[in-house]
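Written out below as structure tokens is the structure these notes cover.
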Amino acid sequence: MLDEIIRKTIREMVGGSGPPIAFLTPVGDRGLLGPESVAWQIHADFISMMIGGISSLIMQALHPQALAGVWDHSNFREDLKGRLGRTAYFIAATTYGSTEMANNIIDKVNRIHTKITGFDEFGKPYSANDPHLLAWVHLTETRSFMRAFEGYRHEKISVQEKDQYFLEMKSLGERMGASDLPTTYAATENAISSYIPELYFGERAKSIIDLLENFPSNLAAKPFIKLISHAGFLNLPNWVYPLIDKPIPNQLERFVVKKSIDFMALPIREALKDGVAAHSRRRVYGDS
């Protein structure tokens, strides 16, 4: 009963329905990365992925041209749940899906990007196919996912494994058209910092951040979603807070949120243990 309530609450946040049976076939297909990859380990944890997803959206909203593509060509502001659901499916399909599933979603998104062009709020032209903008999206996502995993998943991961994750994700980012992607954690942080002069916290970015702070949800899901959103803001690099007119969180705030996440995560992880990663593992090894 509790498991079903939890699954329903999660669907309220990101959409989706039922067991991920599409990830069970074809038997033996390892997909693009395979079960031994670090990405399979990192992306399997729903809690840290949601936290990382929120923080990456905040950072992406600070780049006027990256934000303009979403602002002009999506219903993100009216359908935040749908946007998160589509992003979650893309990550699941490229990480855990069969080779065909992964290739299909990559090709689909690349085709969509060819149609996304326009001018940002300063009148500067942009294209969703711009390798520099695609790299910004890739960098903020991979950094955010790894940082959230480190902070909220009590699972030992070595420095070498962390760097291996960025190397694995580089191959996916390049297939999306990003260029000059780093292959280590430290280099990713440095690459993100190089974008700081391009960032801007204007009215558009403020409206997106306000939306993420006040994530639309029903009454039952609100406490869970509010906590995840708060953790997403705490997952940002310290240099972001002055840029978005917020104080750098103190250690007490971080401690309280972390302990709250730890408490909440136990039943959620139990409820989701037979999710996409588990189904995909059955596909690879032919388990019933």
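Which is closer than 30 Å to Thr184 by Cβ, surrounded by 20 or more Cβ atoms within 10 Å (Cβ to Cβ) and among the hydroxyl-bearing types (Ser, Thr, Tyr), of Thr99, Thr142? Before the answer, list the steps.
On the way: Thr99 fails: surrounded by 20 or more Cβ atoms within 10 Å (Cβ to Cβ).
Just one listed residue meets the conditions, Thr142.
Of the helices (runs of 4 or more DSSP H) contained entirely in segment 206-288, those carrying at least 1 residues that are surrounded by 18 or more Cβ atoms within 10 Å (Cβ to Cβ), of a type in the set (Phe, Trp, Tyr) and modelled with pLDDT under 95 fall at 222-234. A search for C-beta distances below 8 Å between a residue of segment 267-288 that is closer than 17 Å to Tyr89 by Cα and any residue that is of a type in the set (Lys, Arg), counting only pairs 6+ apart in sequence or on different chains, returns Leu272/Arg7. For segment 104-119, the criterion of a residue being over 18 Å from His138 (Cβ atoms), touching a residue at least 40 places away in the same chain (Cβ under 8 Å) and part of a helix (DSSP H, G or I) is satisfied by no position. Answer yes or no as to whether Leu243 is under 22 Å from Thr142 (Cβ atoms), within 18 Å of the chain's Cα centre (by Cα) and of a type in the set (A, V, I, L, M, F, W, C). For Leu243, the condition - under 22 Å from Thr142 (Cβ atoms), within 18 Å of the chain's Cα centre (by Cα) and of a type in the set (A, V, I, L, M, F, W, C) - is not met. For Asp210, state whether it is touching a residue at least 60 places away in the same chain (Cβ under 8 Å), out of contact with any helix residue (DSSP H, G or I) (no Cβ under 7 Å at 6 or more places or on another chain) and among the charged types (D, E, K, R). No: the conditions fail for Asp210. Mind listing just one residue for me: the one in segment 160-195 that is of a type outside the set (A, V, I, L, M) and in a loop (DSSP other than H, G, I, E, B) and, of those, farthest from Lys108 (Cα to Cα)? Step by step, filter segment 160-195, then rank; the result is Ser194.
Here Ala22 meets each of (1) in a helix (DSSP H, G or I); (2) farther than 27 Å from Tyr195 by Cα; (3) of a type in the set (Gly, Ala, Ser); (4) modelled with pLDDT of 95 or more with one exception, condition (4).
The values are calculated or read from the model by the stated rules, or taken from the named source; none is laboratory data. Predicted model only: the values in this text are computed from it and were never measured. As a convention, Cβ positions derive from the backbone with ideal geometry for all residues, glycine included, and neighbour counts pool all protein chains shown.
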